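The next block holds one structure in the form of structure tokens; read it before the comments.
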Amino acid sequence: MATLRLGRGRRWLPGLLLVSPSMVAIGVFVYGLIAWNTRVAVSGSHDEVTPYGFDEGRNFADLWSDPSWPPAVRHALLFTVVFVGGALLLGAFLAFLMEKGIRAEAGFRAVYLFPMAISFIASGVVWRWLMNPAPPERAVGLNQLFDRIGLGALANDWWQNPSWGMAAMAIPAIWQMTGYVMALYLAGFRGVPDDLREAARVDGASEWQVYRYVVFPQLRPVTLSALIILGHISLKVFDLIMAIAGKQIITYVPAIATYVEVFDRHDPANGATIATYLLLAVALLVVPYLVWSVRAERDR
């Protein structure tokens, strides 16, 4: 019996020792900090000297009375819709072109994927210049380009537009993440067996019908994965907006609000409350995806 237990221990002990540092790090720096943030969020510590207490969760309700918070939520939703929708559509279209076969495909893939190698801060600095909101006669970037080629009517105030500024803010994010989405869809396209396509063609399906009824349904897991990844990036976007617009109310989003509450207003409780809202928003995306993944694995 002792020999049997020793043999079992030799099988699982090396694996446990291998993953234990990661488990400890995740436990402390992920779940431990989430617990600490939640503790601050439910406290009455609205300055840096008041001891932590318990306010029965009033911070979560009182935050909605802050005039800057509802616009921040609206801005985040608008940015998310434009960014996620634009990156998915453009990435899928580029992957479709690649899948049909084009010359110098490797070069095009490198060009499309290159923006991913750039940080949001660096791309934000460049796009701040490109989306200069000055009139064409004083502008640089895109407004000046439109004026030079006779399309001055397309010049606009970009991210400084009070109604659609966040939609323009999503353009740099779409540019940066489209290549990643293209790579996901391209792998999905090429993962569809040729036998299924040929069988559909033999049955008389046109090329459009092959893609509509055979190929695209096979890409639902890819679409869901891309949706989750892009969604959580958009909800917590911070560095891109800071690089382009800074802490302006026109481009105010929850991540910027967290920074302002903690470092400008010195209100850790409100900052932690906003961070908790962000965590819940991301969880609404990630948790259903994890449940779906587990069920899909069980059904195989």
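The values are calculated or read from the model by the stated rules, or taken from the named source; none is laboratory data. Just so we're clear, the structure is a prediction, and the values are computed from it rather than from any experiment. Methodologically, a virtual Cβ is constructed for each residue, glycine included, from the backbone with ideal geometry; neighbour enumeration extends over all protein chains shown. Surface areas here come from the heavy atoms of the whole protein model, side chains and all, with no ligands, DNA or RNA. Shrake-Rupley method; radii C 1.70, N 1.55, O 1.52, S 1.80 Å.
Could you work out what % of the accessible surface of the chain is carbon and sulfur, using a 1.4 angstrom probe and leaving DNA, RNA and ligands out of the count?
Using a 1.4 Å probe with all protein chains present, the chain comes out at 66 percent carbon and sulfur.
Over 17 Å, how big is the tail of the calculated P(r) for the range 195-300, in percent of all Cα pairs?
68
Farthest toward the dipole's positive end in the range 100-192, which of MET166, GLY107, ALA122, given Cβ charges of +1 (Lys, Arg) and -1 (Asp, Glu) about the Cα centre?
GLY107
Before I look further, what does the chain give for accessible area per residue, probe 1.4 Å, in whole square angstrom?
That works out to 58 Å² per residue.
Work out which GluC sites (Glu not before Pro) in the chain are exposed loop sites (DSSP not H, G, I, E or B, at most 12 other Cβ within 10 Å) and give the longest gap free of them.
Counting at most 12 other Cβ atoms within 10 Å as exposed, the longest clean stretch of the chain is 57-300.
So for the range 92-240, what percent of the C-alpha to C-alpha distances run longer than 18 Å?
Tail of P(r) above 18 Å: 67 percent of Cα pairs.
Please state the charge dipole magnitude for the chain, taken about the Cα centre, from unit charges on C-beta atoms (+1 on K and R, -1 on D and E), reported in debye and rounded to the nearest 20.
1140
For the chain, restrict the atom set to alpha-carbon positions and state the Rg and Dmax in Å.
For the chain, the Cα radius of gyration and maximum Cα-Cα distance read 24.5, 87 Å.
Compare ALA168, ALA245, ALA110 in a GNM of the chain, Cα atoms joined below 10 Å, and give the one with the largest fluctuation.
ALA110
Would you kindly work out the equivalent ellipsoid of the range 229-268 from its C-alpha gyration tensor and give its semi-axes, the square roots of five times the eigenvalues, largest first in whole Å? Show your work: numbers first, answer last.
Values: eigenvalues 68, 32, 11 Å².
Working through the eigenvalues yields semi-axes of 18, 13, 7 Å.
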